[in-house]
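Chemist: A single structure is presented below for examination.
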């Protein structure tokens, strides 16, 4: 084998090693970029989910407060109605007791 052929093979091997090293470096960079993009996407999704959860909690709190207020008003109304009905019956009951005691 001639010196030129050996030199040509050595240069080709060196170029191949350089290309392999460049390809490996590029692959490592692509992997790092993909990992960084994945982490960023995961953080963004987590942030969106957290914000959505906060909004849902706020809506639930508002709905709970509204329903509680409505139930409170309904209970107060029912209590007043029962109180009025009881007051009317109280006079009749007192008159009946007096009638039975006195016999008149």
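Only the coordinates and a few stated rules stand behind these numbers; no lab work does. Please read all numbers here as calculations on a predicted model, not as lab measurements. A quick note on method: Cβ atoms are made from the backbone with ideal geometry, for glycine too, and the neighbour counts reach across all protein chains shown.
Chemist: Could you tell me how many degrees, from 0 to 90 and to the nearest 10, lie between the Cα long axis of helix 3-102 and the main elongation axis, the longest principal axis, of the Cα atoms of the chain?
Modeler: 0
Chemist: Per DSSP helix of 4 or more residues, -39500 (n - 2.57); summed, then divided by the residues of the chain. What does that give at 222 nm, rounded to the nearest 500?
Modeler: On the way: 1 runs with 100 residues, N = 104.
That comes out to -37000 deg cm²/dmol.
Chemist: May I ask you to compute the full-extension gain from residue 84 to residue 32, defined as 0.36 nm times their residue separation minus their alpha-carbon distance, rounded to one decimal in nm? List each step's numbers first, then the result.
Modeler: Numbers: separation 52, 0.36 × 52 = 18.72 nm, distance 7.72 nm.
Answer, rounded to one decimal: 11.0 nm.
Chemist: I'd like the distance between the alpha-carbon centres of region 78-104 and region 1-20, rounded to an integer number of Å.
Modeler: 117
Chemist: Need one number: nm distance between label points at residue 96 and residue 55, each 7 Å from Cα along Cα→Cβ, rounded to one decimal.
Modeler: Here the answer is 6.1 nm between the modelled labels.
Chemist: Which order do 47, 2 fall in if you start with the one that has the fewest other Cβ atoms within 10 Å? Intermediate values should be presented prior to the final figure.
Modeler: Values: 47 10, 2 7.
Exposure proxy ranking, most exposed first: 2, 47.
Chemist: Calculate, in whole percent, how much of the Cα-Cα pair population of the chain lies beyond 20 Å.
Modeler: So the pairs more than 20 Å apart make up 77 percent of the total in the chain.
Chemist: Set the Förster radius R0 to 41 Å, insert the Cβ-Cβ distance between residue 17 and residue 42 as r into 1/(1 + (r/R0)^6), and round the FRET efficiency to 0.05.
Modeler: Numbers: r = 37 Å, r/R0 = 0.91.
Once the sixth-power term is evaluated, E becomes 0.65.
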